[in-house]
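Colleague: The structure's right below; bear with me while I get my questions together.
Read-outs: derived from the displayed coordinates by stated rules, not from any lab. The structure displayed is predicted, hence computed values, not measured ones. Note that we place each Cβ from the backbone using ideal geometry, even for glycine, and neighbour counts take in every protein chain shown.
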Amino acid sequence: MPKSVQENPAKCPLGPGSLPLHLWSYFRAPLRCYQSLAARYGQPFSVPSPFGGRMAVSGCPAHIEQIYKGRGENYRVVDTASGMTFGENSLGALDGEAHARVRRALMAPILRHPAHAAGLMRDVALAVCAGQSYGESFNMLELARTITLDVTVRTIFGILDEAERRDFIAAIHALRDSISSLAIFVKALRYDLGPWSPWGRFVRARTRCYDLMDKRLATAREQGEDAQNSVLAYWASLRDPDGAPLMSDAQIRDNLLTLSFAGHDTTASALAWGMYWTHVEPGVLAALLDELGDYAKTLDTGLLKRTPYLDAVCWETLRIHPIAPGSIRRLARAMELGGYVVPEDSLVMASTDLVSADPSIYPDPERFRPERFLERNYGPDELIPFGGGERRCPGAAMAFMEMRVVLATLLCRYEFRLCETRPVKPAWANGIRQPETGVRIRMEGLRDTGRPRANADPIAS
Ligand code: HEM
């Protein structure tokens with residue numbers, strides 16, 4: 001047995017011992033690294049974790065099901081990064097009953113009015129694209145970020161005023177740019193040593209976001225804004241039986257920040273990949289346009305209710321390039337997993353990378369083949385781009401709707417040409433994966449649909 005392997009007296013899952021060597025191999029090629037560990041040690045295997053201790057990893061559906069079935073009391077918060085980044089009331093920083101309570105309040109308002117949200121997503125996509133010149137290449141990921149951040153600011157914060165929206169978007173951009181990926185993993189780097197230190201820059205950018213949110217919250221309260229209008233107005237309206245606010249301002253603020261961060265870069269990455277694959281894989285765009293013929297004529301989002309091929313394209317996009325590598329939990333008590341005992345306080349990961357590339361579940365896994373989603377149904381332990389269990393992504397429905405509406409709208413409205421000359425690979429950015437080049441693409445002109453459009457005017461800003 002190689003030296004790096006844990007000797008395993010207590011039947012812990014086996015795996016390499018050196019953290020630096022493992023991180024080097026993992027960050028170069030995450031899937032290849034996990035596949036070779038799975039081939040060598042079986043599943044679950046274990047790896048040293050930058051969050052401390054070891055992490056048991058598995059992409060077997062039976063193990064994934066077991067990890068997701070675990071109740072909240074079996075798990076603790078993974079690390080303090082979420083709390084230090086988004087505030088101690090942030091969903092990511094809570095566990096047990098506190099987590100369940102905030103999640104209940106949070107799940108209710110996201111995507112309250114799907115029909116309205118779909119129209120808004122379409123209009124934002126059209127308005128953002130209207131700023132592009134024909135024949136010039138641009139970065140699809142950047143364009144997608146502009147769309148998803150605008151949608152977030154309108155639906156989550158309820159901001160319709162142009163100047164206020166611009167301030168929010170600039171503040172969130174500044175905050176995102178100030179987040180250091182290293183500080184997410186290394187606690188020692190999370191100290192404010194002044195405005196020029198990485199954490200100091202971040203703390204100042206966050207204060208700017210807090211100030212804007214406090215102002216927005218005060219306005220929503222003063223004007224008695226309709227709770228249906230936004231997540232912010234809904235949370236501000238919640239009352240306990242004595243009529244006191246159910247969520248404190250700090251709870252609202254921390255979770256607004258969490259939603260805006262968890263939501264916009266992830267969805268933008270999925271959109272950029274969606275545009276990439278629909279232009280790379282022969283036949284996919286034609287099949288999509290064939291299904292979306294009626295939508296192309298009117299851009300009436302009501303026509304997107306039954307679009308199996310579009311749905312299949314979105315699932316395949318999320319499968320072939322998982323944006324998050326998996327769901328990680330910290331054990332509050334030891335867990336038996338696949339014949340091993342994973343000790344208390346260790347981490348366990350349901351690996352999205354491994355299960356999504358498993359040829360026994362997805363034959364020919366490197367191929368982008370949306371048809372696989374028309375040929376069979378995949379279970380909640382096989383198709384896990386949004387995680388699962390009590391921490392499953394609460395924005396999944398919103399993100400999936402945004403992928404469907406924005407992809408359908410862009411592809412039906414415009415003709416694009418991909419400007420990439422080599423296959424685009426995934427790269428890490430702030431703890432998630434995005435297309436390395438951002439996907440260079442060119443807008444050639446309006447797509448000819450043969451009919452005038454109604455309902456297609458970009459929103460007045
Ligand atoms: C394509 C886009 C997205 C992907 C791939 C994605 C994926 C994920 C994944 C894998 C998790 C962890 C789940 C687990 O541990 O089991 C997660 C958590 C989370 N996501 Fe998303 N997400 C997306 C979009 C969104 C959006 C649009 C929002 C909000 C509007 C959002 C809000 C959150 C929050 C708040 C959590 C933490 C949940 C908790 O700790 O209970 N996400 N997401």
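Colleague: Distance from a point 7 Å along Cα→Cβ of ASP177 to each backbone N in segment 188-219: keep the residues under 19 Å and list them by number.
Modeller: Only 195-212 pass the distance filter.
Colleague: Show me the ranking of peptides 125-138, 378-391 by mean Cβ neighbours inside 10 Å, starting with the highest. Mind showing how you got there, number by number?
Modeller: Numbers: 125-138: 14.9, 378-391: 18.7.
Descending mean neighbour count gives 378-391, 125-138.
Colleague: Quick one: which of 393-405, 228-240 comes out on top by average Cβ neighbours within 10 Å, and what's the full order, highest first?
Modeller: Details: 393-405: 21.3, 228-240: 19.5.
So the order, starting with the most tightly packed, is 393-405, 228-240.
Colleague: Continuing with the same structure: Describe numerically, in nm with one decimal, the distance between label points set 7 Å from Cα along Cα→Cβ at ARG32 and at ASP300.
Modeller: If labels sit at ARG32 and ASP300, their model points lie 5.1 nm apart.
Colleague: Where a Cα-Cα gap under 25 Å defines reach, which lysines qualify for LYS11, not counting those fewer than 8 residues away within the same chain?
Modeller: Straight-distance partners of LYS11: LYS3, LYS69.
Colleague: Check which residues have an amide H placed less than 5 Å from ARG76's amide H, if you skip close sequence neighbours.
Modeller: Close amide H contacts, sequence-distant or interchain: ARG330, LEU331, ALA332.
Colleague: Quick one: net charge around LEU256, please, counting Lys, Arg +1 and Asp, Glu -1 for every other residue with C-beta under 11 Å from its C-beta. Can you show the working numbers first?
Modeller: On the way: positive: ARG216, ARG253; negative: ASP214, ASP249, ASP254.
Net charge in that neighbourhood comes out at -1.
Colleague: Say R0 is 30 Å: what FRET efficiency, to the nearest 0.05, do ALA39 and LYS69 get from their beta-carbon distance? Spell out each step's value before the answer.
Modeller: Values: r = 27 Å, r/R0 = 0.90.
It comes out at approximately 0.65.
Colleague: Modelled label-to-label distance, ASP226 and TYR378, 7 Å Cα→beta-carbon offset: nm?
Modeller: Between ASP226 and TYR378, the simple spin-label model gives 3.8 nm.
Colleague: Semi-axes, largest first, in whole Å: what does sqrt of 5 times each Cα gyration tensor eigenvalue give for the chain?
Modeller: Numbers: eigenvalues 248, 175, 85 Å².
Output for the chain: semi-axes of 35, 30, 21 Å.
Colleague: Hey, which aspartates and glutamates would be in cross-link range of LYS425, C-alpha to C-alpha under 20 Å, not counting anything within fewer than 8 residues on its own chain?
Modeller: Straight-distance partners of LYS425: GLU142, ASP265, GLU281, GLU316, ASP353, ASP358, ASP364, GLU366, GLU436.
Colleague: How would you order 423-429, 85-91, 37-43 from highest to lowest mean count of nearby Cβ atoms within 10 Å?
Modeller: Values: 423-429: 14.3, 85-91: 20.4, 37-43: 17.1.
The packing order, highest mean first, is 85-91, 37-43, 423-429.
Colleague: Run the reach check for LYS187 against aspartates and glutamates, Cα to Cα strictly under 18 Å, same-chain hits fewer than 8 apart removed. What comes back?
Modeller: ASP79, GLU88, ASP345
Colleague: Add +1 for every Lys or Arg and -1 for every Asp or Glu among the other residues with Cβ under 13 Å from the Cβ of ARG145, and state the total.
Modeller: Details: positive: ARG176; negative: GLU142, ASP150, ASP177, ASP265, GLU402.
My count for the surroundings of ARG145 gives -4.
Colleague: What is the chain's relative contact order, in percent, from Cα pairs under 8 angstrom and six or more apart in sequence?
Modeller: Reported relative contact order: 24 percent.
Colleague: Can you give the net charge of the other residues whose Cβ lies under 9 Å from the Cβ of ARG391, counting K and R as +1 and D and E as -1?
Modeller: Numbers: positive: ARG103, ARG329, ARG392; negative: GLU390.
Charge balance near ARG391 sits at +2.
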